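Beneath this line is the structure, given in structure tokens, with notes to follow.
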Amino acid sequence: MDQYRQANGIRLHYLDYQSDGVTLLLMPGLTANAHAFDGLVAAGLVPAVRLLALDLRGRGLSDKPETGYSLADHAADVIGLLDQLALDRVILGGHSYGGLLGLYLAAHYPERVERLVVIDAAAEMHPDTRQLIQPAIDRLGKPVPSWETYLAAVKVMPFFYHWWDPAIESYFRADVETLPDGRVVSRSSPAAITEAVEHVLAEPWLEKLPLIGQPTLLLNATGSYGLPGAPPLLPPEQAQATVAALPRGRYCAVPGNHMTMLYGAGADRIAEEIIRFVTS
């Protein structure tokens, strides 16, 4: 499944889950990698679709240039990859940051996007989003003694409170590289992530939504992103506001929180809704 292509001057890594179904390109979250969607594959998304899961620049096994992490840079990478694969028009989607990138691509390259799947992202997120995602960013660039130490630290993150699904471990395995001395460190570039955050927060998202004429499915995790009583990362009212601003938007609530929604019952619901959406 591991594939590489030169696009927009860099080498991009992606997973190609071949099937005879329609092609769906999914883009992961801010610090995430292509294996973020392993839970959806296990839930039956493949072979209903041919899934292309991408490592964005600066993440996973894709190249990590020192600069160039605007939405325009990422979008040019995706369009370059589609050109390399001779795909004129695809169903496009993404989780979190990848969902926002999908909105950007649908607005700026409408001729390349047939339909759009947005997983827990919206024009306006929770007002404390920067603080809520900080634990995920803080782990970047800091070597830890071993894979076991790394995984143990991941398991006690607030958004995994009393939850664990072994299926998520393939994602975290892909998240790190092993150093010669046996320590492990995240593959995502801290500088890249910081630059990407600043660009995405500065984007005038509300101005772009009316430009997106493609049918769009927004899947929203309604569970607490943290300890009991914490809010969802994307409150339903804000997700529904984005859907209302889209000419052809559709809203669907999904069990789990921003991270856990991609596994177990959340993944089952997401796979079911995407299959219905792309084949209708």
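A Cα-only calculation for the stretch 131-280 places Rg and Dmax at 17.7, 54 Å. Each stretch of four or more DSSP H residues adds -39500 (n - 2.57); spread over every residue of the chain, this sum gives -10000 deg cm²/dmol at 222 nm.
When its C-alpha radius of gyration is set against 2.2 N^0.38 Å (N residues), the stretch 221-280 gives a value of 1.19. Note on the stretch 9-151: the C-alpha convex hull projects to 9.7 nm² when averaged across all orientations. Each Lys and Arg adds +1 at its Cβ and each Asp and Glu adds -1 at its Cβ; summed about the Cα centre, the stretch 185-280 shows a dipole of about 240 debye.
Heavy-atom accessible surface of T178, to the nearest 10 Å², is about 100 Å², with a 1.4 Å probe and all protein chains retained.
With all protein chains present, calculate the accessible area of Y4 using a 1.4 Å probe and round the result to the nearest 10 Å². Probe radius 1.4 Å; accessible area of Y4 about 80 Å². Computed extension length for K64-E124: 18.8 nm, one decimal, from 0.36 nm per residue of separation with the Cα-Cα distance subtracted. In the stretch 170-280, Cα pairs under 8 Å separated by at least six residues give a relative contact order of 21 percent. Across the stretch 98-199, the fraction of Cα-Cα pairs farther apart than 19 Å, rounded to a whole number, is 57%.
Each Lys and Arg contributes +1 and each Asp and Glu -1, all at the Cβ; summed about the Cα centre of the stretch 93-169, the dipole is approximately 160 debye.
Each 10 Å bin, from zero up to the one with the longest distance, holds this percent of the alpha carbon pairs of the stretch 146-223: 13, 28, 33, 21, 6, 0. If you take the square roots of the eigenvalues of the alpha-carbon gyration tensor of the stretch 182-238 and sort them as a ≥ b ≥ c, do you get rounded (a/c under 1.5), prolate (a/b over b/c) or oblate? Since a/c reaches 1.5 but b/c is at least a/b, the shape of the stretch 182-238 is classed as oblate.
Packing order of peptides 215-221, 141-147, 117-123, highest average first: 117-123, 215-221, 141-147 (average count of other Cβ atoms within 10 Å over each peptide's residues). Over the chain, the ratio between the Cα radius of gyration and 2.2 N^0.38 Å evaluates to 0.93. Accessible area per residue for the chain is 40 Å², calculated with a 1.4 Å probe on protein heavy atoms, without ligands, DNA or RNA. Seen from every direction in turn and averaged, the convex hull around the alpha carbons of the stretch 53-93 projects onto 3.2 nm². Between the beta carbons of L179 and Q84, assuming R0 = 30 Å, the FRET efficiency works out to 0.40 to the nearest 0.05.
The values are calculated or read from the model by the stated rules, or taken from the named source; none is laboratory data. Note that the structure is a prediction, hence the values are computed from the model and not measured. Virtual Cβ from ideal backbone geometry, glycine too; neighbours counted across all protein chains shown. Only protein heavy atoms, including side chains, enter the accessible area calculation; ligands, DNA and RNA are left aside. Shrake-Rupley method; radii C 1.70, N 1.55, O 1.52, S 1.80 Å.
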